[in-house]
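Here's the structure, in structure tokens; my notes come after.
The values are calculated or read from the model by the stated rules, or taken from the named source; none is laboratory data. Keep in mind that this is a model prediction, so the values were computed, not measured. Here the Cβ positions follow ideal geometry from the backbone for every residue, glycine too, while neighbour counts run over all protein chains shown.
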Amino acid sequence: MNRPALPITVTPSPGESMLSLLLRAAAQYAVAPEALLAHCLGSTRAAGLSPDSLTCHTAPAVLAALSQALRIPEGQLIPLTLSASFPSAHEEAIAWTSAARDMTTREETPSGQLRGAWCPLCLMEDRAGGSDHALRLEWALGVVTFCPHHQRPLLERCQTCYHCVERPEAALYGDQVALVCPACATPLDAHFGFDYVSHAHAQHWMRDAEVQQAWHRLIGFERQVLEHLRQPEGQDPAREALAFHALLGLMDSVLHADAPNSLRPLDLYESPYFPAPPKLSGATRHLKHPYRAAHLVERRKALALLIGLLEGAPQAFGFDPAHTTLRAARELMFPGCYDAFERKLLSLARLSLPA
Ligand SMILES: [Zn+2]
Ligand SMILES: [Zn+2]
């Protein structure tokens with residue numbers, strides 16, 4: 001193996017996130033990305049910053065210091081942040097995505113940590129093409145649950161040991177960096193399964209035309225959201241921005257159990273195309289990991305459910321049309337929760353009317 005000349009400079013890959021670049025650069029020196037940050041910025045300036053917070057937004061002074069220390073032009077570092085590449089996303093969508101549940105109080109608070117989601121095919125292509133594994137910036141957005149390129153669900157669990165990967169670790173494989181599961185060290189592109197689905201079932205999914213059709217409807221929607229988030233933020237909140245805001249509010253009320261109702265609206269409905277174990281967060285509450293308030297599979301199911309309800313065609317997403325109605329929801333939910341849910345639905349519906 002030809003050893004690279006020191007110091008080693010990594011080149012950002014298209015669509016990569018800042019976290020990913022820092023993971024790759026730190027792996028070259030066998031240190032954690034936090035240690036690399038402290039080295040590049042000095043411990044005073046690095047205090048309070050994390051690879052995740054820098055992925056959300058990097059202040060110009062920090063960007064200049066990183067550019068100098070890592071010998072990467074600033075122009076190549078800027079697109080690695082959500083605030084630059086998805087200017088319409090950066091506050092709300094991200095705080096919503098990075099919420100974590102406090103194990104003692106059960107409250108959901110922004111943890112500042114981005115979710116770990118990946119497409120194993122994208123990662124496999126990275127390595128086959130002779131590059132390092134790279135996490136894509138768009139995978140950090142909570143409203144993206146499919147890989148737009150391979151049109152398959154993103155993953156958040158290691159397909160070997162089923163550990164929920166909050167943040168992958170980077171390991172050197174020859175002269176390439178692979179992202180691996182922190183629990184079992186298997187590269188994230190080793191298996192192509194789906195979260196919470198058996199291998200046999202996953203194979204069946206790939207051949208089932210109805211499943212594929214339901215996925216494509218959702219992928220089309222997620223593409224539109226991504227396009228909107230890439231647009232610069234306007235002076236006046238545009239209709240798309242208001243609609244996005246309303247949608248996040250609806251997702252919240254579907255995903256979270258409001259007191260005194262311990263049932264989450266999401267758990268009242270079942271779809272074989274979008275399985276999400278009910279009470280996923282409840283089942284993992286006793287564990288030590290800071291599990292996400294809403295797992296990837298839950299967000300995907302919530303999106304499918306909402307779009308099914310809004311389009312009046314829940315069966316297209318595999319939900320039982322007789323039970324997936326607003327009336328059924330009203331009967332099952334506490335009045336206060338249902339009223340809030342209906343108000344948000346109406347405000348979203350109003351936005352679709354001609355101005
Ligand atoms: Zn992909
Ligand atoms: Zn694992």
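How many residues does segment 154-164 hold that are modelled with pLDDT of 90 or more, in a loop (DSSP other than H, G, I, E, B) and within 10 Å of ligand 2 (Cβ to nearest atom)?
4
Please enumerate the residues belonging to segment 123-138 that are touching a residue at least 40 places away in the same chain (Cβ under 8 Å) and either over 17 Å from residue 176 (Cβ atoms) or away from ligand 2 (no atom under 16 Å from the Cβ) (or both).
The answer is 124, 126, 127, 130, 131, 132, 134, 135, 136, 137, 138.
Report yes if some residue within segment 212-228 is under 30 Å from residue 34 (Cα atoms) and out of contact with any strand residue (DSSP E or B) (no Cβ under 7 Å at 6 or more places or on another chain); otherwise report no.
The answer is yes, given that some residue of segment 212-228 is under 30 Å from residue 34 (Cα atoms) and out of contact with any strand residue (DSSP E or B) (no Cβ under 7 Å at 6 or more places or on another chain).
Need the failing condition index for residue 200 against (1) aliphatic (A, V, I, L, M); (2) under 22 Å from residue 23 (Cα atoms); (3) at pLDDT below 90, just the number.
(2)
Tell me whether segment 82-102 contains one or more residues that are modelled with pLDDT of 95 or more, crowded, with 18+ Cβ neighbours inside 10 Å and either within 16 Å of ligand 2 (Cβ to nearest atom) or β-branched (Val, Ile, Thr) (or both).
No, there is no match, as no residue in segment 82-102 is modelled with pLDDT of 95 or more, crowded, with 18+ Cβ neighbours inside 10 Å and either within 16 Å of ligand 2 (Cβ to nearest atom) or β-branched (Val, Ile, Thr) (or both).
Yes/no per residue for (1) free of Cβ contacts under 8 Å to residues at least 24 places away in the same chain; (2) crowded, with 22+ Cβ neighbours inside 10 Å; (3) within 13 Å of ligand 2 (Cβ to nearest atom):
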residue: 152; (1), (2), (3): no, no, no
residue: 166; (1), (2), (3): no, no, yes
residue: 172; (1), (2), (3): no, no, no
residue: 177; (1), (2), (3): no, yes, no
residue: 182; (1), (2), (3): yes, no, yes
residue: 185; (1), (2), (3): yes, no, yes
residue: 191; (1), (2), (3): no, no, yes
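With respect to the numbered conditions (1) over 21 Å from residue 295 (Cβ atoms); (2) surrounded by 13 or more Cβ atoms within 10 Å (Cβ to Cβ), which one is the sole condition not fulfilled by residue 207?
It is condition (2) that residue 207 fails.
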